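*Asks:* Okay, here's the structure, questions in a sec.
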Amino acid sequence: MENPNIIKTENLVFSYDQADGSMPKMVLRGVDLEIEKGTFVAILGHNGSGKSTLARHFNAVLLPSGGRVLIAGDDTVDSSLVIEIRRRVGMVFQNPDNQIVASVVEEDVAFAPENLGFPPEEIRKRVDEALETVGMYEYRLHAPHLLSGGQKQRIAIAGVLAMHPECIVFDEPTAMLDPRGRENIVKIIRDLRDNHGVTVVLITHHMEEAIDADRIIVMSDGEIIMDGLPREVFVDIDALRKTGLDGPETVTLLHELREDGFNLPLDALTVDECAEAIYEALRKQSSKKED
Amino acid sequence: MLKNITLGQYFPGDTVVHRLDPRVKLVLTLVYIVALFTAQGVVGYALMFTVLVTCFALSRIPVKTVLRGVRPILIIIIFTAVLNIFFTQGTVVFEFWIISVTREGLYAAAFMVTRLFMLITGTFLLTYTTSPIALTDGLELLLNPLKKIHLPIHELAMMMSIALRFIPTLIEETGKIMQAQKARGADFESGGLIKRARAILPLIIPLFISAFRRADELAIAMESRCYHGGEGRTRMRVLKTHFRDYMALFGGAIILAAVIMLRRVLP
């Protein structure tokens with residue numbers, strides 16, 4: 001039977017020696033995690049929670065100090081498999097400027113397939129496809145430094161897509177973008193999962209981006225402390241706040257209204273659902289008054 | 001101030017010169033330099049000048065651009081001229097106090113200046129008509145045989161293309177740091193040379209820190225995209241030599257031969 005998990009970690013520990021020679025700093029303290037193929041998983045956590053460090057284990061950029069990381073069954077420690085692991089699990093980083101290699105858009109998108117040694121016609125095909133997917137085909141001959149932050153980030157995504165990865169890890173891809181650029185990237189991420197069968201791991205601290213996820217993982221101090229459906233995780237707003245995070249604006253609003261005595265559900269995550277819930281509650285209240 | 005950096009400036013176009021294989025252009029530039037230093041006498045120089053003008057005419061690069069490119073090295077040209085005029089022994093044509101100008105000196109200066117001028121403009125033609133990527137690709141392929149003796153040709157070419165890629169990014173960053181420092185009262189425009197050089201220091205340090213951070217992130221991003229050196233790497237764009245490339249090489253050979261012949265015939 002084929003392995004249903006694209007990513008699996010077993011008691012993953014990561015620590016590094018500190019400059020002053022004191023106790024090694026523990027960044028990950030035993031993470032057990034399975035990510036199923038084709039799902040959209042969001043990993044949340046405040047700065048220093050270890051979420052980026054965890055992500056960097058998924059494509060063997062970092063290797064565990066203890067425990068194991070398996071990518072489609074392959075151990076990341078095996079250096080003969082590293083290239084295949086990196087092809088399977090692509091990674092998009094925060095700063096688009098620092099991940100673009102070439103001075104022409106299409107040359108940059110071609111970088112990964114060139115590294116993988118494909119023949120020129122195959123590279124051409126992959127580059128064109130990837131640029132179409134992110135809607136940047138018309139810009140293929142532009143210089144990246146003249147594009148906007150959001151456009152650059154789309155180029156970076158295309159550069160990863162050209163490897164035909166099974167999974168893409170997004171490490172705070174919208175942190176440096178304006179609202180419109182952010183919206184665009186979120187739309188592309190959704191499209192990748194829905195129409196291209198790519199497993200998506202999104203690391204973020206924008207709760208709104210995580211609402212659509214199939215599963216939310218909350219990290220704090222190198223450990224997974226919450227793991228479940230968005231409805232389950234976001235509703236537990238007290239636990240979220242303990243880790244230094246806040247729920248999505250919708251849930252926060254509903255939570256405060258409840259404290260003011262309104263009878264509202266907490267699991268109306270999207271803006272539409274939230275508005276509907278409030279409308280419903282107000283209608284009930286006014287009809288009660290009329291009675 | 002930072003906008004007029006014309007390092008390796010490329011003027012996109014679609015002329016014969018632009019379309020030539022970058023490898024051929026690199027070789028021809030070398031042939032041109034050799035020919036220029038072999039050329040002797042008025043006829044030899046006239047031939048080289050005709051070649052230069054023809055190439056520029058074919059590439060449709062405006063004369064103004066060419067002259068602007070020469071400006072930064074004007075001082076060197078003038079310095080060479082002065083040295084040659086005043087310090088060459090021979091028949092004196094003009095004397096003043098301890099300075100004497102000789103006929104040989106005037107000739108030597110004229111030839112040196114023409115040679116320098118033609119050298120600079122000729123090599124600029126290469127960067128004017130070849131995009132930096134094509135240039136690094138061409139260089140890598142030309143130097144490929146040197147990999148046999150373990151010279152890191154691929155790595156050098158990769159470093160060069162990344163450097164080119166980051167020039168605009170770092171210029172932009174320098175502008176931002178400058179504004180940030182100005183907002184806190186830094187003064188980059190007034191004072192003597194030493195004062196200005198000192199004012200640059202708080203600019204250089206943040207720029208270096210940021211460049212190192214960028215390099216670190218870029219390295220991780222490159223590894224994440226399966227970069228593992230030049231081994232087994234293919235290219236999307238493959239350079240193909242056309243008939244025109246062979247013709248151009250043939251032309252280069254003829255000109256070099258002609259210059260050598262002229263040296264023999266007209267000593």
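*Asks:* In segment A:171-204, which residues are away from chain B (no Cβ under 12 Å), part of a strand (DSSP E or B), under 18 Å from residue A:95 (Cβ atoms) and touching a Ser or Thr at 6+ places or on another chain (Cβ under 8 Å)?
*Replies:* A:203, A:204
*Asks:* Filtering segment A:130-152 down to residues that are assigned to a loop (DSSP other than H, G, I, E, B) and not charged (D, E, K, R), which residue is farthest from the other protein chains (Cβ to nearest Cβ)?
*Replies:* Step one: filter segment A:130-152 for residues assigned to a loop (DSSP other than H, G, I, E, B), giving A:134-136, A:140-143, A:147-148.
With the extra rule that they be not charged (D, E, K, R), the set shrinks to A:134-136, A:141-143, A:147-148.
Details: A:134: 15, A:135: 21, A:136: 16, A:141: 10, A:142: 12, A:143: 8, A:147: 12, A:148: 13 Å.
Ranking the qualifying residues of segment A:130-152, first place goes to A:135.
*Asks:* For segment A:153-162, indicate whether the set of residues that are part of a loop (DSSP other than H, G, I, E, B) and aliphatic (A, V, I, L, M) is non-empty. Quick ask: steps written out before the conclusion?
*Replies:* The initial filter retains those residues of segment A:153-162 that are part of a loop (DSSP other than H, G, I, E, B), namely A:162.
Still in the running and aliphatic (A, V, I, L, M): A:162.
The answer is yes, given that some residue of segment A:153-162 is part of a loop (DSSP other than H, G, I, E, B) and aliphatic (A, V, I, L, M).
*Asks:* OK, next. Which condition number does residue B:152 fail, the rest of (1) away from chain A (no Cβ under 14 Å); (2) closer than 26 Å to residue B:13 by Cα being met?
*Replies:* Only one criterion in (1) away from chain A (no Cβ under 14 Å); (2) closer than 26 Å to residue B:13 by Cα is unmet by residue B:152, namely (2).
*Asks:* If you take the residues in segment B:217-262 that are within 21 Å of residue A:122 (Cβ to Cβ) and in a helix (DSSP H, G or I), which one is farthest from the other protein chains (Cβ to nearest Cβ)?
*Replies:* Ranking the qualifying residues of segment B:217-262, first place goes to B:222.
*Asks:* Would you call residue B:110 within 14 Å of another protein chain (Cβ to nearest Cβ), surrounded by fewer than 17 Cβ atoms within 10 Å (Cβ to Cβ), over 18 Å from residue B:26 (Cα atoms) and hydrophobic (A, V, I, L, M, F, W, C)? Steps first, answer last, please.
*Replies:* Working: within 14 Å of another protein chain (Cβ to nearest Cβ): no; surrounded by fewer than 17 Cβ atoms within 10 Å (Cβ to Cβ): yes; over 18 Å from residue B:26 (Cα atoms): yes; hydrophobic (A, V, I, L, M, F, W, C): yes.
Here the answer is no, as residue B:110 does not meet what is asked.
Each row is one residue, and each column tells you yes or no for (1) in the same structural domain as residue B:28 (by TED's automatic domain parsing); (2) without any contact (Cβ under 8 Å) to a residue 60 or more places away in the chain; (3) in contact with a strand residue (DSSP E or B) (Cβ under 7 Å, 6 or more places away or on another chain).
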position	(1), (2), (3)
B:75	yes, yes, no
B:80	yes, yes, no
B:92	yes, yes, yes
B:97	yes, yes, no
B:100	yes, yes, yes
B:110	yes, yes, no
B:119	yes, no, no
B:126	yes, no, no
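*Asks:* Another question, if that's okay. Can you spot a residue in segment A:17-33 that is within 30 Å of residue A:207 (Cβ to Cβ), touching a Pro at 6+ places or on another chain (Cβ under 9 Å) and not aliphatic (A, V, I, L, M)? Give the derivation first.
*Replies:* We begin by selecting, within segment A:17-33, every residue within 30 Å of residue A:207 (Cβ to Cβ); these are A:25-33.
Then keep just the ones that are touching a Pro at 6+ places or on another chain (Cβ under 9 Å); that gives A:28.
Narrowing further to those that are not aliphatic (A, V, I, L, M): none.
No: zero hits.
*Asks:* Another question, then. Quick one: which residue in A:258, A:231 is surrounded by 13 or more Cβ atoms within 10 Å (Cβ to Cβ), in a helix (DSSP H, G or I), assigned by TED's automatic domain parsing to the domain that holds residue A:48 and out of contact with any strand residue (DSSP E or B) (no Cβ under 9 Å at 6 or more places or on another chain)? Working first, answer last.
*Replies:* Working: A:258 fails: assigned by TED's automatic domain parsing to the domain that holds residue A:48.
When all the criteria are applied, what remains is A:231.
*Asks:* I'm checking my understanding of the structure. Among residues of segment B:48-67 that are surrounded by fewer than 16 Cβ atoms within 10 Å (Cβ to Cβ) and in contact (Cβ under 8 Å) with a residue 40 or more places away in the chain, which one is nearest to the chain's Cα centre (by Cα)? Break it down stepwise before answering.
*Replies:* First pass over segment B:48-67, keeping only residues surrounded by fewer than 16 Cβ atoms within 10 Å (Cβ to Cβ): B:49-50, B:53-54, B:57-58, B:60, B:62-65, B:67.
Among the residues that remain, those that are also in contact (Cβ under 8 Å) with a residue 40 or more places away in the chain are: B:49, B:58, B:60, B:65.
Working: B:49: 19, B:58: 19, B:60: 18, B:65: 14 Å.
Ranking the qualifying residues of segment B:48-67, first place goes to B:65.
*Asks:* Could I ask something else about it? Tell me, which strands (runs of 3 or more DSSP E) lie completely within segment A:14-103 with 3 or more residues that are within 18 Å of the chain's Cα centre (by Cα), within 12 Å of chain B (Cβ to nearest Cβ) and of a type outside the set (D, E, K, R)?
*Replies:* Numbers: elements: A:25-36, A:40-44, A:66-71, A:89-92.
Output list reads A:89-92.
*Asks:* Within segment A:8-37, how many residues are small (Gly, Ala, Ser) and surrounded by 15 or more Cβ atoms within 10 Å (Cβ to Cβ)?
*Replies:* Our first condition is that a residue be small (Gly, Ala, Ser); within segment A:8-37, this holds for A:15, A:19, A:21-22, A:30.
Those left that are additionally surrounded by 15 or more Cβ atoms within 10 Å (Cβ to Cβ): A:15, A:30.
Qualifying residue count, segment A:8-37: 2.
*Asks:* Out of the residues in segment B:177-193 that are modelled with pLDDT of 85 or more and not basic (Lys, Arg), state the one that is farthest from residue B:159 (Cα to Cα). It would help to see each step written out before you state the result.
*Replies:* First, pick out the residues of segment B:177-193 that are modelled with pLDDT of 85 or more: B:177-184.
Keeping just the survivors that are not basic (Lys, Arg) gives B:177-181, B:183.
Numbers: B:177: 25, B:178: 27, B:179: 29, B:180: 30, B:181: 30, B:183: 35 Å.
The residue in question is B:183.
*Asks:* Tell me which residues, restricted to segment A:41-51, are out of contact with any Ser or Thr (no Cβ under 7 Å at 6 or more places or on another chain) and surrounded by 20 or more Cβ atoms within 10 Å (Cβ to Cβ). Don't jump to the end; show me each part of the working.
*Replies:* Step one: list which residues in segment A:41-51 are out of contact with any Ser or Thr (no Cβ under 7 Å at 6 or more places or on another chain), which gives A:41, A:43, A:47-48, A:50-51.
Result: A:41, A:43, A:50, A:51.
*Asks:* So, one more: Among the residues of segment B:137-159, write down those that are over 18 Å from residue B:241 (Cβ atoms) and in a helix (DSSP H, G or I).
*Replies:* B:146, B:147, B:148, B:149, B:153, B:154, B:155, B:156, B:157, B:158, B:159
*Asks:* Which is of a type in the set (Val, Ile, Thr), surrounded by 13 or more Cβ atoms within 10 Å (Cβ to Cβ) and either at negative phi or within 25 Å of the chain's Cα centre (by Cα) (or both), of B:259, B:265?
*Replies:* Values: B:265 fails: surrounded by 13 or more Cβ atoms within 10 Å (Cβ to Cβ).
Within the list B:259, B:265, the selection yields B:259.
*Asks:* Here is a further query. Is one or more of the residues making up segment A:36-52 over 22 Å from residue A:90 (Cα atoms) and out of contact with any strand residue (DSSP E or B) (no Cβ under 9 Å at 6 or more places or on another chain)?
*Replies:* The answer is yes, given that some residue of segment A:36-52 is over 22 Å from residue A:90 (Cα atoms) and out of contact with any strand residue (DSSP E or B) (no Cβ under 9 Å at 6 or more places or on another chain).
*Asks:* Residues B:203, B:164: which one is touching a Ser or Thr at 6+ places or on another chain (Cβ under 9 Å) and within 14 Å of another protein chain (Cβ to nearest Cβ)?
*Replies:* B:164
*Asks:* Here's a follow-up. Go over the candidates A:122, A:107 one by one and state the one that is more than 8 Å from chain B (Cβ to nearest Cβ), part of a helix (DSSP H, G or I), free of Cβ contacts under 8 Å to residues at least 40 places away in the same chain and over 19 Å from residue A:201 (Cα atoms).
*Replies:* Working: A:107 fails: more than 8 Å from chain B (Cβ to nearest Cβ).
None of the others qualify; the one that does is A:122.
*Asks:* Among the numbered conditions (1) farther than 19 Å from residue B:127 by Cα; (2) over 20 Å from the mean Cα position of the chain (by Cα); (3) surrounded by fewer than 17 Cβ atoms within 10 Å (Cβ to Cβ); (4) not aliphatic (A, V, I, L, M), tell me where residue B:102 comes up short.
*Replies:* (3)
Residue-by-condition table, conditions (1) buried (at least 17 other Cβ atoms within 10 Å of the Cβ); (2) of a type in the set (Ser, Thr, Tyr); (3) over 27 Å from residue A:6 (Cα atoms):
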{"position": "A:80", "(1), (2), (3)": "no, yes, no"}
{"position": "A:84", "(1), (2), (3)": "no, no, no"}
{"position": "A:94", "(1), (2), (3)": "yes, no, no"}
{"position": "A:100", "(1), (2), (3)": "yes, no, no"}
{"position": "A:106", "(1), (2), (3)": "yes, no, yes"}
{"position": "A:126", "(1), (2), (3)": "yes, no, no"}
{"position": "A:131", "(1), (2), (3)": "yes, no, no"}
{"position": "A:143", "(1), (2), (3)": "no, no, yes"}
{"position": "A:163", "(1), (2), (3)": "yes, no, no"}
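*Asks:* Separate question: Which of the residues belonging to segment B:172-194 are surrounded by 15 or more Cβ atoms within 10 Å (Cβ to Cβ) and either under 28 Å from the mean Cα position of the chain (by Cα) or not assigned by TED's automatic domain parsing to the domain that holds residue B:204 (or both)?
*Replies:* Listed by number, the residues that qualify are B:173, B:174.
*Asks:* Let me ask something else. So is residue A:127 under 21 Å from residue A:210 (Cβ atoms), within 10 Å of chain B (Cβ to nearest Cβ) and part of a helix (DSSP H, G or I) or not?
*Replies:* Numbers: under 21 Å from residue A:210 (Cβ atoms): no; within 10 Å of chain B (Cβ to nearest Cβ): yes; part of a helix (DSSP H, G or I): yes.
No; evaluated as a whole, the condition is false for this residue.
The values are calculated or read from the model by the stated rules, or taken from the named source; none is laboratory data. Note that the coordinates shown come from a computational prediction; the quantities given were computed from them, not determined experimentally. Cβ atoms come from the backbone with ideal geometry, glycine included; neighbour counts cover every protein chain shown.
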